[in-house]
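Read through the structure below, which is laid out as structure tokens, and then see the notes.
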Amino acid sequence: MGANVDISPVTIEQIPLTQDRRYEFRDVFGNDNSVELELGIGKGRFLIQQAQARPDVNFVGVEWAGRYYRLVAERAARRGLENLRVLRDDAAHFIRDTVGNDCIHGLHVYFPDPWPKARHIKRRLVQPWFAREAARVLIDGGVVKLATDHPDYALQMEEVFNSDADFEQIFRAIGDEAPEGVTNWEVKFRAEGRTIHKFEYRRKPRQSA
Ligand SMILES: C[S@@+](CC[C@H](N)C(=O)[O-])C[C@H]1O[C@@H](n2cnc3c(N)ncnc32)[C@H](O)[C@@H]1O
């Protein structure tokens, strides 16, 4: 069904590790609107809903799984969304090596893979290095929003961002307190009766030199 959809207007190419280059989002979108990133978009429900609801904001969604990347790109292309781009990349490589300083208004990380086995925990995305990168790419006052259904990962998310001097927690909700979101996995997890943990952190203003 999607075979005839041209996804080129809504996709951007990965910048390989071999290239020392970062995205210029002004050139990508052809305007100076603020930019928000979602890492691990899955089937893209949140990203597409946001891009439709907020046409004055540019959204970039990063997804490693080719199947999901293509699915979301086709949905975005069919809707003619000009303020959305999908990228197939590893979220860690993307944020660390290809996003510039002080240029992102919002960072969304919803239900990242929890890697529950002890020997795999180091693969989790939200770690101290990730908070450092988030602080680097976000503008002053920019916000990171996180959600998980995994209690141990929830502890880790809070520990990581509470320990980073550049962030202050502005929202915390667990279980029934957590407002309903619109990601595909949240819908699934809520239907299964799982406890949802949600956190938001604001990047503190940089000290002027
Ligand atoms: C549990 S799903 C959550 C998807 C979506 N955020 C949601 O809430 O519906 C995790 C997503 O992250 C993607 N993912 C896992 N590792 C990734 C990585 N290193 N870089 C980018 N995406 C990744 C998976 O393919 C999957 O789509």
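The values are calculated or read from the model by the stated rules, or taken from the named source; none is laboratory data. Computed from a predicted model, the values in this text were never measured in an experiment. Cβ coordinates were reconstructed from backbone atoms using ideal geometry, including for glycine residues, and neighbour counts include every protein chain displayed. These accessible areas exclude ligands, DNA and RNA; they are computed on the full protein's heavy atoms, side chains included. Shrake-Rupley method; radii C 1.70, N 1.55, O 1.52, S 1.80 Å.
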Could you list, in sequence order, the residues of the stretch 26-47 that are open to solvent by 30 Å² or more (accessible area, probe 1.4 Å), part of a loop (DSSP other than H, G, I, E, B) and not polar (S, T, N, Q)? GLY30, ASP32, GLY40, LYS43
Taking the stretch 1-11, which residues are open to solvent by less than 100 Å² (accessible area, probe 1.4 Å) and in a helix (DSSP H, G or I)? GLY2, ALA3, SER8, PRO9, VAL10
Yes or no: ALA135 on the phi < 0 side of the Ramachandran plot and touching a Ser or Thr at 6+ places or on another chain (Cβ under 6 Å)? no
Residue list for the stretch 175-192, filter: within 16 Å of PRO151 (Cβ to Cβ) and surrounded by fewer than 14 Cβ atoms within 10 Å (Cβ to Cβ): GLY175, ASP176, GLU177, GLU192
So, of the residues in the stretch 193-209 that are away from the ligand (no atom under 15 Å from the Cβ), open to solvent by 70 Å² or more (accessible area, probe 1.4 Å) and not aliphatic (A, V, I, L, M), which turns out to be nearest to ASP113 (Cα to Cα)? ARG202
Only residues that are surrounded by fewer than 23 Cβ atoms within 10 Å (Cβ to Cβ) and either within 14 Å of the chain's Cα centre (by Cα) or in contact (Cβ under 8 Å) with a residue 60 or more places away in the chain (or both): list them for the stretch 48-63, please. ILE48, GLN49, GLN50
Here's a check for you: in the stretch 66-110, which residue that is more than 24 Å from SER34 (Cα to Cα) and within 11 Å of the ligand (Cβ to nearest atom) is most open to solvent (accessible area, probe 1.4 Å)? ARG67
Could you grab the pairs with beta carbons closer than 7 Å, sequence gap of 6+ or different chains, first residue in the stretch 16-44 and farther than 24 Å from ALA135 by Cβ, second one at pLDDT below 95 and surrounded by 10 or more Cβ atoms within 10 Å (Cβ to Cβ)? GLY42/THR183; GLY42/ASN184; GLY42/TRP185; LYS43/ASN184
Would you pick out the residues in the stretch 123-145 that are within 13 Å of the ligand (Cβ to nearest atom) and open to solvent by 10 Å² or more (accessible area, probe 1.4 Å)? ARG123, LEU125, GLN127, LYS145
Positions within the stretch 8-41 being of a type in the set (Gly, Ala, Ser) and under 17 Å from the mean Cα position of the chain (by Cα), in sequence order: SER34, GLY40
Among the residues of the stretch 68-81, is any under 28 Å from ASP102 (Cβ atoms), assigned to a loop (DSSP other than H, G, I, E, B), touching a residue at least 12 places away in the same chain (Cβ under 8 Å) and touching a strand residue (DSSP E or B) at 6+ places or on another chain (Cβ under 9 Å)? yes
Of (1) within 15 Å of the ligand (Cβ to nearest atom); (2) open to solvent by less than 10 Å² (accessible area, probe 1.4 Å); (3) without any contact (Cβ under 8 Å) to a residue 60 or more places away in the chain, PHE161 satisfies all except one. Which? (1)
Every residue from the stretch 14-25 that is surrounded by 10 or more Cβ atoms within 10 Å (Cβ to Cβ) and of a type in the set (Asp, Glu): GLU24
Checking GLN50, GLN14 in turn, the sole residue that is assigned to a loop (DSSP other than H, G, I, E, B) and touching a strand residue (DSSP E or B) at 6+ places or on another chain (Cβ under 7 Å) turns out to be GLN14
